[in-house]
1. In this structure, does residue 245 turn out to be among the small types (Gly, Ala, Ser), assigned to a loop (DSSP other than H, G, I, E, B) and at pLDDT 95 or above?
2. Which numbered condition in (1) closer than 20 Å to residue 86 by Cα; (2) surrounded by fewer than 20 Cβ atoms within 10 Å (Cβ to Cβ) is the only one that residue 329 fails?
3. Can you tell me which residues in region 278-336 are over 30 Å from residue 260 (Cβ atoms) and among the β-branched types (Val, Ile, Thr)?
4. Pick out the one residue from 185, 212, 171 that is in a helix (DSSP H, G or I) and either touching a strand residue (DSSP E or B) at 6+ places or on another chain (Cβ under 9 Å) or modelled with pLDDT of 95 or more (or both).
5. Can we say residue 159 is under 20 Å from the mean Cα position of the chain (by Cα), within 16 Å of residue 253 (Cα to Cα), surrounded by fewer than 16 Cβ atoms within 10 Å (Cβ to Cβ) and at pLDDT 95 or above?
6. Could you identify the single residue in 117, 90 that is of a type in the set (S, T, N, Q) and part of a loop (DSSP other than H, G, I, E, B)?
7. Does residue 253 meet the test of being surrounded by 20 or more Cβ atoms within 10 Å (Cβ to Cβ) and closer than 17 Å to residue 62 by Cβ?
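The values are calculated or read from the model by the stated rules, or taken from the named source; none is laboratory data. Owing to the predicted nature of the structure, the values given are computational and were not obtained by experimental measurement. Quick reminder, even Gly has a Cβ in these numbers, built from the backbone with ideal geometry, and neighbours come from all protein chains shown.
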Amino acid sequence: MPLFLAMLRNETAASPEKRAAALAGLAAYQRAPRPKPRPEKPVLARSGRAVLRDYGGHGQPVVFVPSLINPPLVLDLARGNSLLRWLSRQGVRPLLVDWGNPTPDEAALDMNGHVEQLLLPLLRQLRRPPVLTGYCLGGTMAIAAAHAVETAGLVTIAAPWHFAGYGAALEGFAALWDQAYPTCEQLGLVPMEVLQAGFWQLDPRRTILKYERFGRLRADDPEARAFIALEDWANAGAPLTFGTGRQLFDDFLSADLPGRGRWEAAGTTVRPETLGMPMLSLVSTTDRIVPAASAARLGEVREMALGHVGMIVGGRARKAVWEPLAHWLTTLRRTR
């Protein structure tokens with residue numbers, strides 16, 4: 001992890017002892033054994049490199065739209081900690097968008113293209129109008145998709161919309177993109193390391209502390225296994241297409257086109273306040289990745305003091321997010 005090592009060197013507040021402990025934790029994480037990957041869920045629909053995976057269950061189809069950043073499997077992280085598998089037993093039918101891996105040939109494909117060329121064709125293959133549930137940047141794209149296809153409802157979970165709400169962090173994002181732009185343009189892709197640097201600069205001390213703490217855990221501790229599963233997810237992921245990176249940094253983070261009501265996608269201006277469907281927004285008041293000031297707030301809004309990833313896989317996620325979401329979805333089914 002060269003990026004982590006560079007961050008550790010630059011974190012002046014870390015004492016030599018803390019740096020040594022963090023490095024020991026990093027080494028323990030890298031050496032730790034991993035379970036065999038679970039079989040992938042069957043494909044229900046396909047559009048280019050994107051597929052829709054079927055998690056079973058019965059009732060209202062609910063399409064989960066994950067972010068383009070990091071793999072979609074945070075929604076199905078580990079045995080005993082899977083929102084999608086749990087929901088499949090609660091009277092709904094979860095379906096997961098798997099974006100696949102982009103190639104440099106798709107350099108011009110931006111987020112609009114992901115909505116128009118990949119997501120909407122997947123949704124149009126379903127027999128029933130689904131509820132769209134978007135997590136993080138997937139929620140931003142789900143809002144655009146809901147303008148273009150018949151939808152039974154819309155849920156956003158920690159979805160950025162008012163990008164001006166990032167406040168002082170915007171300057172750091174702009175500097176990062178200025179530095180990375182020439183290389184990314186040449187590659188036709190935005191490597192995961194660029195995005196990781198953006199996340200870590202939001203709170204570098206917290207990143208150091210989590211590895212320091214992991215180094216003190218026993219290898220057979222359930223908390224250690226949970227940490228490994230989550231970090232493997234956070235450190236993985238396909239690159240973004242250059243077009244997606246350019247749109248994210250220039251049109252969203254810099255110009256805030258969505259928040260200003262000026263984002264056009266799928267042939268229309270995306271204005272969520274015009275959507276006439278049941279909507280629910282789950283917002284974290286302690287999120288560093290999508291600060292509360294930046295989050296979409298549509299229809300019924302529920303706030304909670306959980307972190308960005310903790311909303312999905314944390315120890316309090318079931319009570320705070322999973323159960324209220326299942327109740328909202330099953331109630332929606334009964335009232336339609």
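1. no
2. Of (1) closer than 20 Å to residue 86 by Cα; (2) surrounded by fewer than 20 Cβ atoms within 10 Å (Cβ to Cβ), only one is false for residue 329: (2).
3. Of everything in region 278-336, those that are over 30 Å from residue 260 (Cβ atoms) and among the β-branched types (Val, Ile, Thr) turn out to be 313, 330, 331, 335.
4. 185
5. Judged against the criteria, residue 159 is not a match.
6. 90 is the lone residue from the list that is of a type in the set (S, T, N, Q) and part of a loop (DSSP other than H, G, I, E, B).
7. Against the criterion (surrounded by 20 or more Cβ atoms within 10 Å (Cβ to Cβ) and closer than 17 Å to residue 62 by Cβ), residue 253 does not qualify.
Results for (1) in a loop (DSSP other than H, G, I, E, B); (2) hydrophobic (A, V, I, L, M, F, W, C); (3) within 23 Å of residue 121 (Cβ to Cβ), shown as yes or no for each residue.
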site: 18; (1), (2), (3): no, no, no
site: 21; (1), (2), (3): no, yes, no
site: 25; (1), (2), (3): no, no, no
site: 30; (1), (2), (3): no, no, no
site: 35; (1), (2), (3): yes, no, no
site: 51; (1), (2), (3): no, yes, yes
